[in-house]
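Working notes, beginning with the structure itself.
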Amino acid sequence: MSEKIKKIIEEIEALEEKLKQEIEEQESHIIYEIKNGHITFEKDIFDQQREKMKNILNYLRDIPFFHLISSPLIYLMILPAMIFDVMLFFYQQVIFRIYKFKFIKRSEYIVFDRHYLAYLNPIEKLNCLYCSYFNGLMHYASEISAKTELYFCPIKHAKKIAYKHQYYKDFLAYGDEHDFQEKFQELRDKVRKS
């Protein structure tokens with residue numbers, strides 16, 4: 001990777017950090033506390049949130065018909081997701097131990113905290129639990145597969161791809177055989193450290 005590209009990557013990472021700080025500052029008026037994994041709001045904030053909760057009957061009445069009849073299909077996806085989750089556990093337990101990769105913490109990807117919001121009714125909270133699990137699971141799986149790809153095939157694609165994981169910027173250029181084996185080994189060493 002050239003110095004110019006490294007510098008641009010550093011600038012992008014600095015901008016991402018600046019954006020993160022700006023977003024945190026913008027949301028700083030929302031005050032809550034996390035104790036032992038539980039999120040609590042001050043009583044007056046909790047009461048204000050509770051006043052904004054939509055009544056379940058009104059919520060159900062406002063659901064479009066096709067949304068209502070398609071919801072079983074959406075929720076049915078929980079079964080393959082749970083099987084996939086178990087398979088990821090075994091994959092990581094076996095493969096990551098054999099290749100000496102640092103384990104990926106599932107709890108950093110699958111986070112359940114939206115149910116503490118008092119302005120959500122029970123159905124909305126259930127929907128949020130589902131989305132937190134399913135999307136967190138996909139991100140968790142993506143991180144596991146990204147580390148696997150970094151170890152076994154760290155070569156960029158010739159065609160443009162829609163999603164690039166955090167390691168992709170370090171991948172070797174497509175078609176560049178120059179010092180391939182040495183660079184490949186360096187990337188393998190990086191997987192074990194990250």
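The values are calculated or read from the model by the stated rules, or taken from the named source; none is laboratory data. What you see is a predicted model, and the numbers here were worked out from it, not measured in a lab. Positions of Cβ are generated from backbone atoms using ideal geometry, with glycine treated the same way; all protein chains shown enter the neighbour counts.
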Does residue 5 satisfy the condition of being touching a helix residue (DSSP H, G or I) at 6+ places or on another chain (Cβ under 7 Å) and either assigned to a helix (DSSP H, G or I) or among the aromatic types (Phe, Trp, Tyr) (or both)?
no
Being β-branched (Val, Ile, Thr) and under 28 Å from residue 53 (Cβ atoms) is the filter here, so list the residues in the range 90-140 that pass it.
110, 111, 123
What number of residues in the range 135-166 are over 17 Å from residue 99 (Cβ atoms) and at pLDDT 95 or above?
8
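Given the structure, is residue 35 in contact (Cβ under 8 Å) with a residue 40 or more places away in the chain and either charged (D, E, K, R) or under 30 Å from residue 193 (Cβ atoms) (or both)? Spell out how you get there, then give the answer.
Values: in contact (Cβ under 8 Å) with a residue 40 or more places away in the chain: no; either charged (D, E, K, R) or under 30 Å from residue 193 (Cβ atoms) (or both): yes.
Against the criterion (in contact (Cβ under 8 Å) with a residue 40 or more places away in the chain and either charged (D, E, K, R) or under 30 Å from residue 193 (Cβ atoms) (or both)), residue 35 does not qualify.
Conditions tested, residue by residue: (1) among the β-branched types (Val, Ile, Thr); (2) closer than 29 Å to residue 39 by Cα.
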| position | (1), (2) |
| --- | --- |
| 80 | no, no |
| 85 | no, yes |
| 98 | yes, no |
| 101 | no, no |
| 110 | yes, yes |
| 136 | no, yes |
| 147 | no, no |
| 155 | yes, no |
| 175 | no, no |
Got a sec? Which of 186, 177 is assigned to a helix (DSSP H, G or I), more than 18 Å from the chain's Cα centre (by Cα) and of a type in the set (Asp, Glu)?
186
Conditions (1) assigned to a helix (DSSP H, G or I); (2) under 20 Å from the mean Cα position of the chain (by Cα); (3) touching a residue at least 24 places away in the same chain (Cβ under 8 Å): number failed by residue 128:
(3)
Can you report the number of residues in the range 167-181 which are within 27 Å of residue 102 (Cα to Cα) and either exposed (fewer than 10 other Cβ atoms within 10 Å of the Cβ) or among the β-branched types (Val, Ile, Thr) (or both)?
1
